């Protein structure tokens, strides 16, 4: 078994190296770039932030980031990362210190994120949608000593100051987009390359803390050590997804989230160019694809649905022929949406499964999706997976159980939350509570979230299966299925529907479901809404739906 694992690892490394060569990232390497690469490799300093040192020597004047307002070359970007790192150090930020970033997609995010890590501190990413008390929770929980934020987030920051454990005067506050006020520091004042001092790897924090979306309660801070992660992630992704040096990548996913930052980092590492939109909007995305000849997209399913729902007559005005790669991630991509995307853009779709806590676990390409509907692909090399029952026993193929993962991307744990960390681990494997099965050919299929599974009348029902059926109905635009308490059944299955025509017909949907599924899977109640409550990555916030519908009497059908 051990020898087999070694051969699998070797096979994976070869596949990763093949992907690196295919990406073209080694083309035209300069002497300076080679020297910098050797120097970085010699000290084992392979954090993603340090890859920019090599890229600045190799690519120099190639555009790294393009926005409507500015264009930064790889050399520019490296100089600014180094400068901001020096400025953070000059303010006394060092090993163990946490720096919260509350920024839209922009060059400033890339600079500040990588500068924090290079300075020896930890980057803590926060959604720019947070309200004051939500932000205060993250600042307090992470024990942050600094926050860099967009001016549009200023009201949330001011409100958060009222709820902090740390005295506001001790929190370095750096607004972007306006002059600093009382007690604040200008972002450009942090650009101090003269103050930078290289932090030995042994003294560097080298971590990021990404707060989960909090779909089931308060967000948890997932702690990841970035040392050498860049090379591991790069090899794995390039072995399965054809990202290349000549790519023009449209950044639409928020960079504060693992999906957006991981794929941006991989595109940077191969020397691609990033085109950044501050926020996603379908028409703006089509316009950017045509204008910049965009070749690759990474989006959450909500964004992809908006792309394919965009009126075809208007979409045809934009030339999207340059697109050769579309990656979906962060939440479930229904089969009906997969087929619509492939039908619209061709077999360029990849569906990635992973989590903030586990990194990237598997990828299904377009052929996989059509051959094995619903699959999330085979596990990447370097990922060991187990599917266990509630007693920790490994299950045979095709039997659903809790998915546990072990790899070199798994987080160290949840910050200041040892109980949650312990509950998620078993024998060195990590679980985020997903229920999955693996078929005889090794392909993984997600059934649902363990916490979302409904037991009605003693029978297990996975809401995702019901949602997938409902989403195939022509009058259903979006759907969420969940269980609510019921005296007779223990839990009663309900569906919350966003109808396409504005008015839903529960009798029609009941009959439709009975034709497609066993009767115990058919929702007993249907509710119709204009939109579903969703987190920043497009995941439905089912706890809000439970709060709203959990105590309601079933409506008449």
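The values are calculated or read from the model by the stated rules, or taken from the named source; none is laboratory data. The model shown is predicted, which means the values in this text are computed figures rather than measured ones. For neighbour counting, all protein chains shown are included, and Cβ atoms are generated from backbone atoms with ideal geometry for every residue, glycine included.
Before moving on, here are some points about what is shown:
- Restricting 147, 117 to those that are at pLDDT below 95, under 19 Å from residue 223 (Cα atoms) and touching a strand residue (DSSP E or B) at 6+ places or on another chain (Cβ under 7 Å) reduces the list to 117.
- Annotation: of all residues in the range 529-545 being modelled with pLDDT of 90 or more and part of a helix (DSSP H, G or I), the one that is nearest to residue 496 (Cα to Cα) is 545.
- Residue within the range 70-78 that is in contact (Cβ under 8 Å) with a residue 12 or more places away in the chain, part of a helix (DSSP H, G or I), in contact with a helix residue (DSSP H, G or I) (Cβ under 6 Å, 6 or more places away or on another chain) and surrounded by fewer than 22 Cβ atoms within 10 Å (Cβ to Cβ) present: yes
- Some residue of the range 106-124 being surrounded by fewer than 21 Cβ atoms within 10 Å (Cβ to Cβ) and part of a loop (DSSP other than H, G, I, E, B): no
- Filter result for residue 444 (modelled with pLDDT of 95 or more, surrounded by 20 or more Cβ atoms within 10 Å (Cβ to Cβ) and farther than 27 Å from residue 544 by Cα): yes
- Strands (runs of 3 or more DSSP E) fully within the range 293-394 counting 2 or more residues that are within 20 Å of the chain's Cα centre (by Cα): 296-299, 325-328, 349-355, 359-365, 375-379
- Hits in the range 87-105 (condition: surrounded by fewer than 21 Cβ atoms within 10 Å (Cβ to Cβ) and part of a helix (DSSP H, G or I)): 90
- Residue in the range 290-297 that is farther than 28 Å from residue 453 by Cβ and free of Cβ contacts under 8 Å to residues at least 12 places away in the same chain present: yes
- Flag for residue 515 being touching a strand residue (DSSP E or B) at 6+ places or on another chain (Cβ under 8 Å) and surrounded by fewer than 20 Cβ atoms within 10 Å (Cβ to Cβ): no
- Qualifying residue in the range 29-44 (condition: assigned to a loop (DSSP other than H, G, I, E, B) and either within 26 Å of the chain's Cα centre (by Cα) or modelled with pLDDT of 95 or more (or both)): no
- Candidate set from the range 484-507 (those that are farther than 17 Å from residue 530 by Cβ and without any contact (Cβ under 8 Å) to a residue 40 or more places away in the chain); member that is surrounded by the most Cβ atoms within 10 Å (Cβ to Cβ): 493
- Just one residue in the set 115, 136, 123 is assigned by TED's automatic domain parsing to the domain that holds residue 178, touching a helix residue (DSSP H, G or I) at 6+ places or on another chain (Cβ under 8 Å), in contact (Cβ under 8 Å) with a residue 40 or more places away in the chain and over 15 Å from residue 210 (Cβ atoms); that residue is 115.
- Within the range 380-399, tally of residues that are at pLDDT below 95, over 19 Å from residue 226 (Cα atoms) and buried (at least 17 other Cβ atoms within 10 Å of the Cβ): 2
- Failed item, numbered, when residue 261 is tested on (1) over 11 Å from the mean Cα position of the chain (by Cα); (2) surrounded by fewer than 23 Cβ atoms within 10 Å (Cβ to Cβ): (1)
- Among (1) farther than 25 Å from residue 305 by Cα; (2) surrounded by fewer than 19 Cβ atoms within 10 Å (Cβ to Cβ) - the single one residue 521 does not satisfy: (2)
- Scanning the range 286-299 for residues that are touching a helix residue (DSSP H, G or I) at 6+ places or on another chain (Cβ under 7 Å) and farther than 19 Å from residue 244 by Cα returns a single hit, 286.
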